[in-house]
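To keep things clear, I will list the structure first and then write my remarks on it.
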Amino acid sequence: MMLGAASFASADCDKTIRLVASPAGKVIAADGRVRVRAQTRTPTFVKQNYVLEMSALVPNGTTFMVFNNGLPAGTVTITFGVGRLALDNEAGHVLPAGTDPVCSIKTVIVTDAAGNTILSGTF
C-alpha cells in the first residue's frame, strides 16, 4: 500500500512563474503570473488548480487567449486593467487538454485577438 501512496504523492506540485512580455505586450504594459497546484486528496483523486492573472493597459472587455503546452486553455477578459483565468477539477469540472495534469504544463502563452503573443513563460 505504501507504494501506491508514493506514486500518488509524485503528482503533487505547487509552482509559480512570472510571464514575460513580448514587444507587443510591452506596448500595453502587460504583466502576468501563473500558479499551478496539485494535491492528492484520496488514492483516486488529485485536486488540481490553475490560476493565470494578468494586467494590461487596454479597454475594459479586451480578451486574451491562453494556451498551455500549445493547446487552448481559456480566455482572460480585462476589467479595470486586470484579468484572471482560474481552472480546477473539483465539483465535476474537467480541465482543458494541455492543462491536465497541471504539474505537466511546460509552456504558457497569452495571445491577443489577432494571435500576437503578449505574454509567455516556461515552468
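The values are calculated or read from the model by the stated rules, or taken from the named source; none is laboratory data. Small disclaimer: the values here were computed from a predicted structure and weren't measured. Here Cβ is always computed from backbone atoms with ideal geometry, including for glycine, and neighbour counts include all displayed protein chains.
Tell me which of these Ala97 doesn't satisfy, since it passes every other one: (1) outside any loop (DSSP other than H, G, I, E, B); (2) modelled with pLDDT under 95; (3) small (Gly, Ala, Ser).
Exception for Ala97: condition (1).
Restricting segment 56-65 to residues that are surrounded by fewer than 16 Cβ atoms within 10 Å (Cβ to Cβ) and either of a type in the set (S, T, N, Q) or on the phi < 0 side of the Ramachandran plot (or both), which is nearest to the chain's Cα centre (by Cα)?
Going through the qualifying residues, I end up with Thr63.
Can you pull out every residue in segment 56-94 that is aliphatic (A, V, I, L, M) and over 17 Å from Gly32 (Cα atoms)?
Leu71, Ala91, Val94
Is it fair to say Arg41 is assigned to a strand (DSSP E or B) and within 20 Å of Thr107 (Cβ to Cβ)?
No.
Being over 27 Å from Gly81 (Cα atoms) and crowded, with 16+ Cβ neighbours inside 10 Å narrows it down to one of Val34, Val46, so name that one. Step through it out loud before you land on a result.
Values: Val34 fails: over 27 Å from Gly81 (Cα atoms).
The unique qualifying residue is Val46.
Residue pairs, Cβ under 7 Å, 6 or more apart or interchain, first in segment 101-123 and closer than 20 Å to Gln39 by Cβ, second exposed (fewer than 13 other Cβ atoms within 10 Å of the Cβ). List them.
Phe123/Lys106
Out of the residues in segment 25-83 that are of a type in the set (Gly, Ala, Ser) and touching a Pro at 6+ places or on another chain (Cβ under 8 Å), state the one that is farthest from Leu95 (Cα to Cα).
This residue is Ala38.
Of the residues that sit in segment 100-111 and are out of contact with any Ser or Thr (no Cβ under 9 Å at 6 or more places or on another chain) and part of a loop (DSSP other than H, G, I, E, B), which one is surrounded by the most Cβ atoms within 10 Å (Cβ to Cβ)?
The extreme case among them is Asp100.
Those residues that are hydrophobic (A, V, I, L, M, F, W, C) and within 17 Å of Val108 (Cβ to Cβ), I need them from segment 83-93; list them, please.
Leu85, Ala86, Leu87, listed by residue number.
Ala29 fails exactly one of the following numbered conditions: (1) touching a Leu at 6+ places or on another chain (Cβ under 7 Å); (2) at pLDDT 95 or above; (3) surrounded by 14 or more Cβ atoms within 10 Å (Cβ to Cβ); (4) part of a loop (DSSP other than H, G, I, E, B). What is the number of that condition?
So Ala29 meets the others, but not (3).
Matching residues to (1) surrounded by 12 or more Cβ atoms within 10 Å (Cβ to Cβ); (2) within 21 Å of Thr16 (Cβ to Cβ):
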{"residue": "Phe67", "(1), (2)": "yes, yes"}
{"residue": "Thr77", "(1), (2)": "yes, no"}
{"residue": "Glu90", "(1), (2)": "no, yes"}
{"residue": "Gly98", "(1), (2)": "yes, yes"}
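Consider only pairs whose beta carbons are under 6 Å apart and that are at least six residues apart or on different chains; among these, list those whose first residue lies in segment 67-88 and is charged (D, E, K, R) and modelled with pLDDT of 95 or more and whose second residue is in a strand (DSSP E or B) and surrounded by fewer than 20 Cβ atoms within 10 Å (Cβ to Cβ).
Arg84/Glu53; Asp88/Asn49
What is the residue count in segment 86-97 for residues that are closer than 18 Å to Glu53 by Cα and out of contact with any Asp or Glu (no Cβ under 8 Å at 6 or more places or on another chain)?
4
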